[in-house]
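One structure below.
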Amino acid sequence: MGNIPNLHSLYFAMLKASAIIAVHNGQAFIADAVRSVFAQTCKDLELIVVDDASTDSTPDIVHKLMKTAPIPTLYLRNEKNLERCLSRNRGAAQATGKYLFFLDYDDVWQPDYIESILHVFNETNADMVCSILRSKIDERGRIIYTSSKVLPNDVGILSCAALIGGTPGVAVQKASFLQYSNAFCFREDWELVLRTFLSGQTIAIDDSDKVFVREHGKRTSRANPKYYHASLRICKTYRQKIPPQYRPFFDFEIGSVALRYGDMWRGWKLVLSALLRHSTLWQNPRNWLMLFKRGLRIDRWLSPSLRSQ
């Protein structure tokens, strides 16, 4: 595995923050992601791009942008495709920042995102800070949707219900980073947050809406059966470790995914059991709407990617 020599090797003192982007064949959007890092108001920052054996023009785009980078940069390339978990871990291992920030190649940050999260770290001394991902953008970067959903203040509920943990909204102290697990690829983001919570580390929440998640035709994680298989592995690995007061929320998440993928018996069993065990779940109208769409398979017609399932 090789890397391009650059100013990164001249910075021996630990920087405040490291932004890490793992990318495979991301020529359509990687420039926007990189530029959003360069535009950060926090300049005590480095960018590490881990190219997971791209075969398109991703390397050329990244190299060109790095030539005029306003911050230290490092480009790493995997000789073969290792998937995003191992690529992010490789970037984290090379990082010199005290805090690690992860960004998907197709998403972007608002210019003051890192600065605001560093403030949360300073105020809370948390091991991890998770941002609520509310806004979505289209292929041209225009905001198409911003969620106004009211979420609980309990970090345990947010963690066990998979309401936090999306990669572009995760920041962690490097000394506390537990690494992404390739065994849970396609749900590795939730698994990392869940494992961090269960290990006793502290998680702080940011709800400033400074992370934009891009919707586009190649964003297929949720339509991929591997997403469901990874969810089942999480259930098998962690369900008995979830504190009893949070297990209904965990079960409801697994059950709702089961319904989405047509595993109706498992799905209804988990969600009905969860509804009976915690009033917060059945009092939430959004949950009933989800059950109506997935439980009756209406979502198959609303989302073409699900029609074959």
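The values are calculated or read from the model by the stated rules, or taken from the named source; none is laboratory data. Quick caveat, the model's predicted, so the values are computed rather than measured. With ideal geometry, Cβ positions are generated from the backbone for all residues, glycine too; neighbour counts draw on all protein chains shown.
Out of all the residues in region 164-186, is one or more in contact with a Cys (Cβ under 6 Å, 6 or more places away or on another chain), farther than 17 Å from Leu133 by Cα, modelled with pLDDT of 95 or more and surrounded by fewer than 19 Cβ atoms within 10 Å (Cβ to Cβ)?
Yes, because at least one residue in region 164-186 is in contact with a Cys (Cβ under 6 Å, 6 or more places away or on another chain), farther than 17 Å from Leu133 by Cα, modelled with pLDDT of 95 or more and surrounded by fewer than 19 Cβ atoms within 10 Å (Cβ to Cβ).
Look at Ser305 and say whether it is modelled with pLDDT under 95, under 30 Å from Ala28 (Cβ atoms), assigned to a helix (DSSP H, G or I) and of a type outside the set (D, E, K, R). Before you say what the answer is, go through the steps one by one.
Working: modelled with pLDDT under 95: yes; under 30 Å from Ala28 (Cβ atoms): yes; assigned to a helix (DSSP H, G or I): yes; of a type outside the set (D, E, K, R): yes.
Yes; evaluated as a whole, the condition is true for this residue.
For region 133-153, enumerate the residues that are among the aliphatic types (A, V, I, L, M) and in contact with a helix residue (DSSP H, G or I) (Cβ under 7 Å, 6 or more places away or on another chain).
Matches in region 133-153: Leu133, Leu151.
In the list Asp189, Asp209, which residue meets the criterion of being crowded, with 19+ Cβ neighbours inside 10 Å and either closer than 24 Å to Tyr238 by Cβ or among the charged types (D, E, K, R) (or both)?
Result of the check over Asp189, Asp209: Asp189.
Hey, any hits in region 280-298 for a residue that's under 25 Å from the mean Cα position of the chain (by Cα), modelled with pLDDT under 80 and not assigned by TED's automatic domain parsing to the domain that holds Pro152?
yes
So which helices (runs of 4 or more DSSP H) are wholly in region 48-144 and hold at least 3 residues that are modelled with pLDDT of 95 or more and closer than 18 Å to Ala28 by Cα? Write out each step before concluding.
Working: elements: 58-66, 83-94, 113-124.
It comes to 58-66.
For region 38-47, what are the residues that are touching a residue at least 40 places away in the same chain (Cβ under 8 Å) and assigned to a loop (DSSP other than H, G, I, E, B)? Talk me through it step by step, then tell me what you get.
Of region 38-47, the ones touching a residue at least 40 places away in the same chain (Cβ under 8 Å) are 39-42, 45-46.
Across region 38-47, the qualifying residues are Ala39, Gln40, Thr41, Cys42.
For every residue, the table says whether it meets (1) closer than 30 Å to Ser36 by Cβ; (2) crowded, with 18+ Cβ neighbours inside 10 Å.
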position	(1), (2)
Asn224	yes, no
Tyr228	no, yes
Pro243	no, no
Glu253	yes, yes
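Out of everything in region 70-91 that is aliphatic (A, V, I, L, M) and more than 14 Å from Asn182 (Cβ to Cβ), what residue ends up being surrounded by the most Cβ atoms within 10 Å (Cβ to Cβ)?
Looking only at region 70-91, we keep the residues that are aliphatic (A, V, I, L, M), and these are 71, 74, 76, 82, 86.
Still in the list and also more than 14 Å from Asn182 (Cβ to Cβ): 71, 74, 76.
Values: Ile71: 20, Leu74: 24, Leu76: 20.
Step by step, filter region 70-91, then rank; the result is Leu74.
Looking at Ser131 and the list (1) surrounded by fewer than 20 Cβ atoms within 10 Å (Cβ to Cβ); (2) more than 16 Å from Ser18 (Cα to Cα); (3) touching a strand residue (DSSP E or B) at 6+ places or on another chain (Cβ under 9 Å), which single condition is not satisfied?
Here Ser131 meets the rest and fails (1).
If you take the residues in region 1-30 that are of a type in the set (A, V, I, L, M) and at pLDDT 95 or above, which one is surrounded by the fewest Cβ atoms within 10 Å (Cβ to Cβ)?
Ala28
Does Ala33 satisfy the criteria of being in a strand (DSSP E or B), under 29 Å from Val120 (Cβ atoms), modelled with pLDDT of 95 or more and touching an Asp or Glu at 6+ places or on another chain (Cβ under 9 Å)? First the steps, then the outcome.
Values: in a strand (DSSP E or B): no; under 29 Å from Val120 (Cβ atoms): yes; modelled with pLDDT of 95 or more: yes; touching an Asp or Glu at 6+ places or on another chain (Cβ under 9 Å): yes.
Answer is no for this residue.
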